[in-house]
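*Asks:* The following block contains the structure, expressed as structure tokens.
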Amino acid sequence: MPLYLPIAELSMDVFLVVGMGAIVGFLSGMFGVGGGFLMTPLLIFAGVPPAVAVATESNEITAASVSGALAHWRRQGIDVKMGFVLIIGGAVGSFFGAQVFTYLKSLGQVDLMISLAYVVFLGSVGGLMFWESMRAIFRQRRGYVSPPLSREDRHKAWIHVLPFKMRFRKSKLYISALLPLAIGMLVGVLAAIMGVGGGFIMVPAMIYVLGMPTNVVVGTSLFQIIFVTALTTIFHSVNTQTVDIFLAVLLLFGAVVGAQVGARVGFKLKGEHLRALLALMVLVVCVKMGFGLVVEPDELFSVAEVATEAAGH
Amino acid sequence: MRILCLCLLMTLSLLSSVPAGGLVTDLSNKRIEIRYSFDGAQLILFGAVGSSAVDPVNDAFDVVVVVRGPEADTVVRRKDKVGGIWINNANLHFPAAPGYYAVAASRPLVDIAHPTVFASYGIGFNNLPLIARSERGLVDPDPEFRRALYRLRASENLYRQEVDSVSLVAEGLFRTDVHLPANVPVGEFLVETFVFQEGSLKARNRIRLNVDKEGFERAAYDFAHGFPLLYGLTAVFVALGAGWLAGVLGKK
């Protein structure tokens, strides 16, 4: 059943769109990730212009994060103060990310930037995650138990030297506000240029750099993602008019259903196996994106209308 | 058959009201509305040749129909290998490239008239007066880029040259199908009909065709482009509401 999308200006099959949402929703429910890094490339492969894919996906992630954050809120798994510091950083990052996005779009290089960002970030995160989970799997087979870190050892010495210290009671931390600001900012930039929530960077950073307790990490990260992707949606709407609400709602519909099924499957798998699978998936997307950059394309030329590309007319 | 009857009927009514010697054409639909279920449109152009332009009963004639969509500033980019990866490198701007261009003819163009004749009337993609913008001002486009523009648009069914044919029914009556794909640009289209006989132009006329987003699709597009901030806020509230709903339902 074809549906004409007024902003993307193309006709797509409703079942294809909902199906893509369901598949990505299934995977994100299973692995407990947002799924933006899967959905945006999938939309691009399906023929949606990259700029529309990135901006629309931001809108979908807002919705997906609200339902996730609600569940964590009920379990008191959100450090609101930490969340707001991350949001401030994220707002700044998203604003600059959207500016860069608009500028590169006018140069015709936005597709390149999206591909490069995917290859670099997914490659490094996927590689690290894969290595870590494989090590965990092998260690477990040999019966190795890693020694618990003492609270004092959680931070490197340089982190305590930074100024503007703040107390985050929920996370039981007393650290410089500059750290979460910087992390938030990086995530904001990625949200704007990659069409992702940024959980795949933020969650490891919260655990390993900030030393936050794991029970508030996911909730706080989702809390930040709601606001940053909402801002990103607004920036893209104002700068490039590339947010397609209808596409986002259709994707979300599929994703909600898929996520419920995925979460049930996820409970049956072991944590390190899940991480290894997720890492593999991340690496596959990375390789696919990288492939497009290195291999000579069949068609070297591309055509675009300038009016729809120009920033703000 | 039904369509043919319709053609004949409408043509007969047209013939009576048109001065002799005229070329008359009409479209089955002059206003295409893009709505949510839009998946392209098929139109029928029908027409009749009056008696003094050519003698349709005794002399053979040819018909060429050119449909041209709205012009837009279009950029064609070429990827080159830079530092090991393929990136958009060279580009060329066509300030007025038609968003849609179709040529249909009753016979292959080479059989109808000499190429110079088509060139003088600007019939055929190669005869379109396309200019390119560069740092040196307006220049003749690099043929490689011009060919690429045609190839890319043709692959999207936006440029169609001699894909469709004009069928001559009888008694100076002719018809052709106009195929508009789902990604057709919106705006005013020109439908030009040329009647050739023995290699020279005998009559021509033009009619207009409008393609526009309608109803909800129009409203959404206007909203996004006219009030982008409000549109963005709406998108966010829709997402927040949908996410909240999903969260509440998912809990049960």
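*Asks:* Do we find that residue A:294 is surrounded by fewer than 17 Cβ atoms within 10 Å (Cβ to Cβ), touching a Gly at 6+ places or on another chain (Cβ under 9 Å) and at the interface with chain B (Cβ under 9 Å from one of its Cβ atoms) in this structure?
*Replies:* When the stated conditions are applied, residue A:294 passes them.
*Asks:* Further, regarding this structure: Determine, yes or no, whether residue B:153 is of a type in the set (Lys, Arg) and under 18 Å from residue B:70 (Cα atoms).
*Replies:* Here the answer is yes, as residue B:153 does meet what is asked.
*Asks:* Something else about it: Of the residues in the stretch B:160-211, how many are over 14 Å from the mean Cα position of the chain (by Cα) and not polar (S, T, N, Q)?
*Replies:* Counting residues in the stretch B:160-211 that are over 14 Å from the mean Cα position of the chain (by Cα) and not polar (S, T, N, Q) gives 18.
*Asks:* Restricting to the stretch B:68-89, count the residues that are free of Cβ contacts under 8 Å to residues at least 40 places away in the same chain and either surrounded by 19 or more Cβ atoms within 10 Å (Cβ to Cβ) or assigned to a strand (DSSP E or B) (or both).
*Replies:* Final tally of qualifying residues: 13.
*Asks:* How about the stretch A:258-267: which of its residues are surrounded by fewer than 18 Cβ atoms within 10 Å (Cβ to Cβ) and in contact with a Phe, Trp or Tyr (Cβ under 8 Å, 6 or more places away or on another chain)?
*Replies:* Result: A:261, A:265.
*Asks:* Right, something else. Limited to the stretch B:90-107, what total is found for residues that are crowded, with 20+ Cβ neighbours inside 10 Å and within 26 Å of residue B:178 (Cα to Cα)?
*Replies:* Number of matching residues: 11.
*Asks:* Tell me whether the stretch A:232-246 contains one or more residues that are in contact (Cβ under 8 Å) with a residue 60 or more places away in the chain, in contact with a strand residue (DSSP E or B) (Cβ under 6 Å, 6 or more places away or on another chain) and at negative phi.
*Replies:* The answer is yes; a qualifying residue exists.
*Asks:* Please find, among A:88, A:78, the residue that is away from chain B (no Cβ under 11 Å), under 16 Å from residue A:197 (Cα atoms) and of a type outside the set (Gly, Ala, Ser).
*Replies:* Going through A:88, A:78 in turn, just one is away from chain B (no Cβ under 11 Å), under 16 Å from residue A:197 (Cα atoms) and of a type outside the set (Gly, Ala, Ser): A:88.
*Asks:* Here's a follow-up. Just one of A:11, A:28 is at pLDDT below 90, within 23 Å of residue A:217 (Cβ to Cβ) and within 14 Å of another protein chain (Cβ to nearest Cβ); which is it?
*Replies:* A:28
*Asks:* Can you tell me which residue in the stretch B:163-191 is farthest from residue B:29 (Cα to Cα), limited to those that are of a type in the set (A, V, I, L, M) and out of contact with any Asp or Glu (no Cβ under 9 Å at 6 or more places or on another chain)?
*Replies:* In this case the residue turns out to be B:170.
*Asks:* Where the second residue is of a type in the set (Val, Ile, Thr) and the first is modelled with pLDDT under 65 and lies in the stretch B:35-59, which pairs have Cβ atoms under 7 Å and are six or more apart or on separate chains?
*Replies:* B:53/B:195; B:54/B:195; B:56/B:49
*Asks:* Report, by residue number, each residue of the stretch B:123-144 that is modelled with pLDDT under 85 and assigned to a loop (DSSP other than H, G, I, E, B).
*Replies:* Correct list: B:128, B:129, B:130, B:131, B:135, B:136, B:140, B:141, B:142.
*Asks:* Condition (residue is more than 8 Å from every other protein chain (Cβ to nearest Cβ), out of contact with any strand residue (DSSP E or B) (no Cβ under 6 Å at 6 or more places or on another chain) and under 30 Å from residue A:6 (Cα atoms)) applied to the stretch A:270-287: is it met by at least one residue?
*Replies:* Yes, that holds for at least one residue.
*Asks:* Hey, any hits in the stretch A:258-266 for a residue that's in contact with a strand residue (DSSP E or B) (Cβ under 7 Å, 6 or more places away or on another chain) and polar (S, T, N, Q)?
*Replies:* Looking through the stretch A:258-266, none of the residues is in contact with a strand residue (DSSP E or B) (Cβ under 7 Å, 6 or more places away or on another chain) and polar (S, T, N, Q).
*Asks:* Separate question: Residue by residue through the stretch B:139-153, note down the ones that are out of contact with any strand residue (DSSP E or B) (no Cβ under 7 Å at 6 or more places or on another chain) and not acidic (Asp, Glu).
*Replies:* Once the filter is applied, which keeps residues that are out of contact with any strand residue (DSSP E or B) (no Cβ under 7 Å at 6 or more places or on another chain) and not acidic (Asp, Glu), the stretch B:139-153 yields B:143, B:146, B:147, B:151.
*Asks:* Mind listing whichever residues of the stretch B:207-233 are closer than 17 Å to residue A:231 by Cβ and more than 7 Å from chain A (Cβ to nearest Cβ)?
*Replies:* Within the stretch B:207-233, just B:230 meets the criteria.
*Asks:* Another one. Specify the residue that is surrounded by the most Cβ atoms within 10 Å (Cβ to Cβ); the eligible residues are those in the stretch A:212-257 that are closer than 19 Å to residue A:200 by Cβ, more than 9 Å from chain B (Cβ to nearest Cβ) and among the small types (Gly, Ala, Ser).
*Replies:* A:221
*Asks:* Let me ask something else. Just one of the numbered conditions (1) more than 22 Å from residue A:219 (Cα to Cα); (2) modelled with pLDDT of 90 or more is not true of residue A:141; which one?
*Replies:* In the conditions (1) more than 22 Å from residue A:219 (Cα to Cα); (2) modelled with pLDDT of 90 or more, residue A:141 misses (2) alone.
*Asks:* Something else now. Would you pick out the residues in the stretch B:87-109 that are within 10 Å of chain A (Cβ to nearest Cβ) and out of contact with any helix residue (DSSP H, G or I) (no Cβ under 6 Å at 6 or more places or on another chain)?
*Replies:* Residues satisfying the conditions are B:88, B:89, B:90, B:91, B:93, B:94, B:95, B:97, B:99.
The rows are residues; the columns are (1) loosely packed, with under 14 Cβ neighbours inside 10 Å; (2) at pLDDT below 85.
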position: B:188; (1), (2): yes, no
position: B:191; (1), (2): no, no
position: B:204; (1), (2): no, no
position: B:207; (1), (2): no, no
position: B:217; (1), (2): no, yes
position: B:220; (1), (2): no, no
position: B:235; (1), (2): no, no
position: B:249; (1), (2): yes, yes
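*Asks:* Can you tell which of B:182, B:154 is within 13 Å of another protein chain (Cβ to nearest Cβ) and either touching a Ser or Thr at 6+ places or on another chain (Cβ under 7 Å) or polar (S, T, N, Q) (or both)?
*Replies:* Result of the check over B:182, B:154: B:182.
*Asks:* Only one residue in A:61, A:44, A:78, A:88 is β-branched (Val, Ile, Thr), over 17 Å from the mean Cα position of the chain (by Cα) and part of a helix (DSSP H, G or I). Which one?
*Replies:* A:88
*Asks:* In the list A:102, A:56, which residue meets the criterion of being within 14 Å of chain B (Cβ to nearest Cβ), in contact (Cβ under 8 Å) with a residue 24 or more places away in the chain, among the polar types (S, T, N, Q) and surrounded by fewer than 24 Cβ atoms within 10 Å (Cβ to Cβ)?
*Replies:* Going through A:102, A:56 in turn, just one is within 14 Å of chain B (Cβ to nearest Cβ), in contact (Cβ under 8 Å) with a residue 24 or more places away in the chain, among the polar types (S, T, N, Q) and surrounded by fewer than 24 Cβ atoms within 10 Å (Cβ to Cβ): A:102.
*Asks:* Okay, moving on. Residue pairs, Cβ under 6 Å, 6 or more apart or interchain, first in the stretch A:4-18 and over 21 Å from residue B:231 (Cβ atoms), second among the small types (Gly, Ala, Ser) and not in a loop (DSSP other than H, G, I, E, B). List them.
*Replies:* These pairs meet every condition: A:18/A:254.
*Asks:* From the residues in the stretch B:1-34 that are modelled with pLDDT of 75 or more and not hydrophobic (A, V, I, L, M, F, W, C), which one is surrounded by the fewest Cβ atoms within 10 Å (Cβ to Cβ)?
*Replies:* Per the criteria, the residue is B:31.
The values are calculated or read from the model by the stated rules, or taken from the named source; none is laboratory data. Because the structure is a prediction, the values reported are computed rather than measured. When we count neighbours, we look across all protein chains shown, and the Cβ atoms used for this are built from the backbone with ideal geometry, even at glycine.
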